[in-house]
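**Q** My questions will all concern the structure given below.
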Amino acid sequence: MKLFKSLLVAPATLGLLAPMSATANEVTINDFNPAEELAITNSRVDGLEARLNNFEAGVFSETTTASFSVDAVLGSIDGNANDSTTFDFQYNIGLTTSFTGEDSLDIAIDSGTATQSPSGAAMGFDSGGALTVDGVVYSFPLGDFAVLVGDSTDISAAYTGACAYTAFHDTMGDCGTGNTVGAGGQGVTAATSYAFDSGFSLAAGVSSPQSGIMVEESSDLVGIEAAYTADAFGVAVAYASLDNAADADTSYWGINVAYTPDSEVIPSISVGFEIEETSGTDAEGYFLGLTWDEVGPGSASLGVGSNGNFGDAADDLLIYEASYSYPVNDSLTITPGVFIAETGAGADDETGLLVKSSFAF
């Protein structure tokens with residue numbers, strides 16, 4: 001910047017000296033004050049320098065970071081009404097900033113294929129075409145507790161969890177406990193957690209629709225989780241209650257257990273089990289997943305789980321899947337996979353053969 005200042009001062013000085021060669025009736029030497037004029041020029045250059053510095057540093061504040069990702073899936077699902085080969089994508093932007101160094105304001109902005117195919121739905125992709133704010137969450141410490149409040153976020157965002165499985169189909173990502181350990185949200189969410197030094201943790205939260213927070217007419221969700229995490233073992237037990245506006249209240253109990261041995265041969269093992277009760281009627285769901293973290297240059301996963309919770313009078317519908325995730329480089333991961341989703345009612349099962357590409361930058 002010193003060179004930049006010098007380049008501006010030099011022609012300005014020459015311009016000030018040029019009038020000295022003019023005739024006496026145009027200007028006299030007494031009308032020229034070099035020190036004063038140079039001071040004015042320096043002041044203007046310093047002001048310009050400050051503006052440039054502010055522009056360079058003000059693109060984001062010093063505590064703000066942005067992350068971007070693009071996921072794409074190419075493939076087909078046989079047995080679906082649309083069994084042709086399709087292509088879907090999703091685009092995600094994550095903005096994070098801190099005001100105290102201990103808090104965090106996180107904003108998620110999503111977009112995806114305008115008309116989503118069954119392949120995109122199976123991957124759990126966002127859709128809609130236009131960029132949409134998908135969540136605004138503020139987390140901060142309150143004494144020894146961690147607190148989060150936000151819109152369009154899950155209660156389980158404050159949970160520890162206990163699942164080491166790398167899922168392919170979106171349903172399998174719940175590890176069999178999508179209503180408890182993976183409790184969702186109804187709109188506006190507040191949750192808190194506390195971590196003990198021994199590896200135990202407790203968390204709880206409540207979520208209500210934006211139209212009415214904790215009122216009789218709204219469907220409010222309340223959840224609580226207790227978890228224990230060690231180097232190779234983890235367990236999480238959770239309870240959730242959905243206070244339905246139609247008086248069809250539902251309660252859930254769920255448990256996840258994960259074991260990750262220090263071995264390249266033995267896979268990590270993840271198990272999930274959930275019980276659902278609605279008006280005296282029980283339903284159950286379960287899950288088992290295996291992940292080998294080092295298979296050649298990538299990792300492999302095998303999993304089976306129920307496609308929801310099913311009562312005694314209903315046939316369990318299962319999802320089977322296998323996938324292999326290969327990191328091409330630090331920014332690109334390619335994951336081919338296959339799954340079979342039972343549909344029941346005499347319909348053909350859905351068999352999906354898909355290739356997912358994930359970019360992070």
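**Q** Of everything in segment 120-137, what is in contact with an Asp or Glu (Cβ under 7 Å, 6 or more places away or on another chain) and in a strand (DSSP E or B)? Give them in sequence order.
**A** Passing the criteria: T132, D134, G135, V136, V137.
**Q** Here are some conditions: (1) modelled with pLDDT of 95 or more; (2) assigned to a strand (DSSP E or B); (3) surrounded by fewer than 16 Cβ atoms within 10 Å (Cβ to Cβ). E294 meets all but one. Which one does it not meet?
**A** Only one criterion is unmet by E294, namely (1).
**Q** Please go through segment 212-237 and give me each residue that is within 14 Å of V271 (Cα to Cα) and in contact with a Gly (Cβ under 6 Å, 6 or more places away or on another chain), ordered by number.
**A** A236
**Q** Let me ask something additional. Out of segment 219-235, which residues are surrounded by 18 or more Cβ atoms within 10 Å (Cβ to Cβ), touching a Ser or Thr at 6+ places or on another chain (Cβ under 6 Å) and of a type in the set (G, A, S)?
**A** A227
**Q** Next question. Quick check on segment 269-291: of everything there that is among the aliphatic types (A, V, I, L, M) and farther than 18 Å from L317 by Cα, which residue is surrounded by the most Cβ atoms within 10 Å (Cβ to Cβ)?
**A** Among residues in segment 269-291 that are among the aliphatic types (A, V, I, L, M) and farther than 18 Å from L317 by Cα, the one surrounded by the most Cβ atoms within 10 Å (Cβ to Cβ) is L290.
**Q** Still on this model: Specify the residue that is surrounded by the most Cβ atoms within 10 Å (Cβ to Cβ); the eligible residues are those in segment 243-268 that are among the aliphatic types (A, V, I, L, M) and under 24 Å from the mean Cα position of the chain (by Cα).
**A** By that ranking, first place goes to A258.
**Q** Among the candidates V215, V188, V206, which residue alone is farther than 29 Å from S306 by Cβ, assigned by TED's automatic domain parsing to the domain that holds D243 and touching a residue at least 24 places away in the same chain (Cβ under 8 Å)?
**A** Testing whether each residue is farther than 29 Å from S306 by Cβ, assigned by TED's automatic domain parsing to the domain that holds D243 and touching a residue at least 24 places away in the same chain (Cβ under 8 Å) leaves just V188.
**Q** Continuing with this model, one more query. From (1) surrounded by fewer than 16 Cβ atoms within 10 Å (Cβ to Cβ); (2) part of a loop (DSSP other than H, G, I, E, B), pick out the condition that doesn't hold for N80.
**A** Only one criterion in (1) surrounded by fewer than 16 Cβ atoms within 10 Å (Cβ to Cβ); (2) part of a loop (DSSP other than H, G, I, E, B) is unmet by N80, namely (1).
**Q** Hey, another quick one. Are there any pairs, at least 6 apart or on different chains, whose C-beta atoms fall under 9 Å, with the first in segment 337-352 and free of Cβ contacts under 8 Å to residues at least 12 places away in the same chain and farther than 19 Å from F87 by Cα and the second surrounded by fewer than 15 Cβ atoms within 10 Å (Cβ to Cβ) and hydroxyl-bearing (S, T, Y), and if so, which?
**A** From residues that are free of Cβ contacts under 8 Å to residues at least 12 places away in the same chain and farther than 19 Å from F87 by Cα, there are no pairs.
**Q** Something else now. When the residues of segment 169-192 are narrowed to those that are small (G, A, S) and crowded, with 20+ Cβ neighbours inside 10 Å, which ends up farthest from the chain's Cα centre (by Cα)?
**A** Restricting to residues being small (G, A, S) and crowded, with 20+ Cβ neighbours inside 10 Å, the top hit is G176.
**Q** Among the numbered criteria (1) at pLDDT 95 or above; (2) more than 26 Å from E276 (Cβ to Cβ), which single criterion is violated by S127?
**A** (1)
**Q** Taking E277 as the residue in question, decide whether it is free of Cβ contacts under 8 Å to residues at least 40 places away in the same chain and under 30 Å from V215 (Cβ atoms).
**A** Answer is yes for this residue.
**Q** I'd like to check something: does segment 301-309 contain any residue that is assigned to a strand (DSSP E or B), hydrophobic (A, V, I, L, M, F, W, C) and at pLDDT 95 or above?
**A** yes
**Q** Take segment 210-231 and flag every residue that is outside any loop (DSSP other than H, G, I, E, B) and over 18 Å from A191 (Cα atoms).
**A** Listed by number, the residues that qualify are Y228, T229.
The values are calculated or read from the model by the stated rules, or taken from the named source; none is laboratory data. Just so it is clear, the structure is predicted and the values come from calculations on it, not from any experiment. Heads up, the Cβs are rebuilt from the backbone with ideal geometry, glycines too, and the neighbour counts pull from every protein chain shown.
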